[in-house]
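**Q** Take a look at the following structure, please.
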Amino acid sequence: MVESVKMKGDVVYLRLDCDFTNRTDKAKFYFSFNGKKWKPIGDEMQMHYDWPDFCGQRMGLFCFPTKTTGGYADFDYFRIGK
């Protein structure tokens, strides 16, 4: 599912929570404009892991211009942890 949210300001925080407990393998997506109050966005995603050829999920952040060619997105940090 694709979902959009109107920007408030110049900064948005994104969060991805993954649950690998007992092969649950689910991911939930969140956003925040202040880094403290998080709101869910999109659907929960069921991840798949196929062995022996690892074909797991890959996450990334990208900038796609919608009105004119060019532009940029500035990602200040990317943190992985609990």
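The values are calculated or read from the model by the stated rules, or taken from the named source; none is laboratory data. These numbers come from a predicted model, not from an experiment. Quick reminder, even Gly has a Cβ in these numbers, built from the backbone with ideal geometry, and neighbours come from all protein chains shown. Side chains are part of the model used for accessible areas, which takes the heavy atoms of the whole protein and leaves out ligands, DNA and RNA. Shrake-Rupley method; radii C 1.70, N 1.55, O 1.52, S 1.80 Å.
**Q** Would you kindly calculate the mean projected area, averaged across all directions, of the convex hull enclosing the Cα atoms of the chain, in square nanometres? Numbers along the way, then the final one.
**A** Numbers: hull surface 30.1 nm².
Mean shadow area of the hull around the Cα atoms is 7.5 nm².
**Q** With every protein chain present, what is the per residue accessible area of the chain (1.4 Å probe, Å²)?
**A** 96 Å²
**Q** Among 4-14, 67-77, 23-33, 38-48, how do they line up from the highest to the lowest mean number of other beta-carbon atoms within 10 Å? Write down the numbers at each step before the final one.
**A** On the way: 4-14: 9.5, 67-77: 6.6, 23-33: 14.2, 38-48: 12.6.
Top of the packing list down: 23-33, 38-48, 4-14, 67-77.
**Q** Quick check: at a probe of 1.4 Å, how many percent of the accessible area of the chain sits on carbon and sulfur atoms?
**A** Result for the chain: 53 percent of the exposed heavy-atom area is carbon or sulfur.
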